[in-house]
Amino acid sequence: MSDLRELYQEVILGHSKSPRNFGKLEGATHTGVGFNPLCGDKIHLQIRVRDGVIEALRFEGSGCAISTASASLMTEALQGKTVAEAEALFKKFHEMVTTPMGQPIDDAALNKLTVFSGVREFPVRVKCATLAWHTLHNAVSETSETAKTE
Amino acid sequence: MTQPFDLARLRQDFPMLAQTMRGKPLIYLDNAASTQKPQVVIERLTKFYRSEYANIHRGVYELSQNATQAYESVREKVKNFLHASSEREIVFVRGTTEAINLVAQSYGRSKLKVGDEILITAMEHHSNIVPWQLLCEQIGAVLRVAPMNQNGELLLDEFEKKLSPKTKFVSIVHVSNALGSINPVKKLIALAHARGIPVLVDGAQAVSHLPVDVQDLDCDFYAFSAHKLFGPSGVGVLYGRTELLNPMPPYQGGGDMILSVTFEKTLFHEIPHKFEAGTPDIAGVIAFGAALDYLATLDGPALQKHEAELLEYATKQLDAIPQLRWIGTAKEKTSVLSFVLDGVHPHDIGTVLDTEGIAIRAGHHCAQPVMDFFGINATTRASLAFYNTREEIDRLTAGLHKVVEIFG
Ligand SMILES: Cc1ncc(COP(=O)(O)O)c(C=O)c1O
């Protein structure tokens, strides 16, 4: 049960039930589509970047609690950040969810995103937690490819 | 000799059933994906490797002859299991998937031509869709799909309507892996045969739940996988009627499938060897024979009755969860419980149950068209075998109540 509470923390459940920044974005400069072939989950991400700064980002799609909450918390965390900062945060986030249990995680700068550290106990769910981030990465790298978790 | 039905004793035959997962006793409810193996199968596999191993069909030495005999004797066991008329009609392959690809590429490519139609159903596993799509692309044939209703039952009159003068092959699933629906294959085969159309039956999900008699069904091909029938992975069976198999060109070329080879001309072996190129999974086939022997000691009708009761019990228990919606409610179905819970993603359900030691499947079950039909991405599926118990169903039910409590 403790693993489960670690994974499905209140913050995650809250964001999965009422995701923030959900819906369409006006004047998007970048868009990305993410797909998890394992479960068929799909996410559409729209971003408005001005002078290298993420002014706004919104997402649509359906997914599991982990992927929805991750997308929601990501959109909150990245508002006002530069694209370079966003990419750096993705790297940190990815490191956190793939650090083996029992090893210390570097949570500096991750703030609220540390709620996803429980995913480490469930390796198959890492893909759910990182789908939105992979989609973001593709959107800002201007590739037209769909982000895939496989 | 058959044993009287004693569930606790029977479970002891399967070492995996005594394992734990995440610190809890394992509750294995993913039998449609693959079944656990009885000790006799595991022992046969290791005994063969430890003290009997040699390649088959080659050596003049005793070990090789014995291995060949052990391997070939399984053909007869499979023949008896399927009630086929001859061992020559039993081809060993890697699994259902390879069996269907073999028929598509060998029979399909040599017999079908531009504009011909192949009929499948709306509830096929990807492995009975994609091989036909590949064939269609290669030769310009057309794939047709017979529809089902909201319960996941094939529409018989629609099926019949889709049998056109252009239909040259029918390939249908016996039991749907995503829904559990049992198709009236005997009737479907009769409809096709009345028009001279050969029929392949994908029996992957049927063999572990229903007695199968290929002569009674009158099918032309029947495919299944040993790993879903308490045997090892890596082994499958294609049954094919002699008249159809004989003229079919080889599927793969290589050793074992030839009589003589020169650079100018190769003479192929007779059936079934013509279709078994290269060294097969010798140990796997032999251990599969042990699985069939094991099954023959069990009281089939008692196992079927137990599974039917378990399905009824589980259906009733889970039905009490208000958020639950069944996917697959065919009147005739095997012990597959496929469902969605309002507002909860199947992967989250899978993870919660995982922490309870319960192995179920969350996903599209390699049947994306079925998911599309029901307007969903995925379902949660618990699929039973004869070794499952009421207590396990109770633990599943409790686990699902916990899911609702967390996400409700
Ligand atoms: C109905 C059906 N057909 C075919 C297959 C493919 O079997 P295999 O993967 O053993 O080749 C499966 C396996 O899930 C199945 O359920």
The range B:83-129: number of residues that are assigned to a helix (DSSP H, G or I) and either in the same structural domain as residue B:328 (by TED's automatic domain parsing) or within 16 Å of the ligand (Cβ to nearest atom) (or both): 13
Residue that is surrounded by the fewest Cβ atoms within 10 Å (Cβ to Cβ), among those in the range A:35-53 that are within 14 Å of chain B (Cβ to nearest Cβ) and outside any strand (DSSP E or B): A:37
Index of the failed condition, residue A:59 passing every other in (1) within 13 Å of another protein chain (Cβ to nearest Cβ); (2) within 15 Å of residue A:147 (Cβ to Cβ); (3) surrounded by 19 or more Cβ atoms within 10 Å (Cβ to Cβ): (1)
So residue B:210, is it out of contact with any helix residue (DSSP H, G or I) (no Cβ under 7 Å at 6 or more places or on another chain) and touching a residue at least 12 places away in the same chain (Cβ under 8 Å): yes
Reported set for the range B:229-243 where residues are in contact with a helix residue (DSSP H, G or I) (Cβ under 8 Å, 6 or more places away or on another chain) and closer than 22 Å to residue B:171 by Cα is B:229, B:235, B:236, B:237, B:238, B:239, B:240, B:241, B:242
Using beta carbons and a limit of 8 Å, which pairs, at least six apart or on different chains, have the first residue in the range B:300-329 and on the phi > 0 side of the Ramachandran plot and the second one in a loop (DSSP other than H, G, I, E, B) and open to solvent by less than 70 Å² (accessible area, probe 1.4 Å)? B:328/B:151; B:328/B:152; B:328/B:176; B:328/B:178; B:328/B:179; B:328/B:180
Considering only the range B:368-381, state which residues are of a type outside the set (Val, Ile, Thr), outside any loop (DSSP other than H, G, I, E, B) and away from the ligand (no atom under 15 Å from the Cβ). B:372, B:373
Before we move on, is residue B:314 hydrophobic (A, V, I, L, M, F, W, C), in contact with a helix residue (DSSP H, G or I) (Cβ under 6 Å, 6 or more places away or on another chain) and farther than 30 Å from residue B:371 by Cβ? no
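Out of the residues in the range B:329-367 that are part of a strand (DSSP E or B) and either facing another protein chain (nearest Cβ under 9 Å) or more than 16 Å from the ligand (Cβ to nearest atom) (or both), state the one that is farthest from residue B:388 (Cα to Cα).
Looking at residues that are part of a strand (DSSP E or B) and either facing another protein chain (nearest Cβ under 9 Å) or more than 16 Å from the ligand (Cβ to nearest atom) (or both), I get B:344.
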Within the range B:368-384, take every residue that is buried (at least 22 other Cβ atoms within 10 Å of the Cβ) and under 18 Å from the mean Cα position of the chain (by Cα) and give me the one that is farthest from the other protein chains (Cβ to nearest Cβ). B:384
Filtered residues of the range B:386-408 (kept if part of a loop (DSSP other than H, G, I, E, B) and surrounded by fewer than 22 Cβ atoms within 10 Å (Cβ to Cβ)): B:389, B:408
So is residue A:121 open to solvent by 50 Å² or more (accessible area, probe 1.4 Å) and within 14 Å of chain B (Cβ to nearest Cβ) or not? yes
Examine the range A:84-93 for a residue that is among the small types (Gly, Ala, Ser), more than 15 Å from residue A:113 (Cβ to Cβ), at pLDDT 95 or above and touching a Leu at 6+ places or on another chain (Cβ under 9 Å), and state whether such a residue exists. no
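The values are calculated or read from the model by the stated rules, or taken from the named source; none is laboratory data. None of the values given here were measured: they were computed from a predicted structure. With ideal geometry, Cβ positions are generated from the backbone for all residues, glycine too; neighbour counts draw on all protein chains shown. Side chains are part of the model used for accessible areas, which takes the heavy atoms of the whole protein and leaves out ligands, DNA and RNA. Shrake-Rupley method; radii C 1.70, N 1.55, O 1.52, S 1.80 Å.
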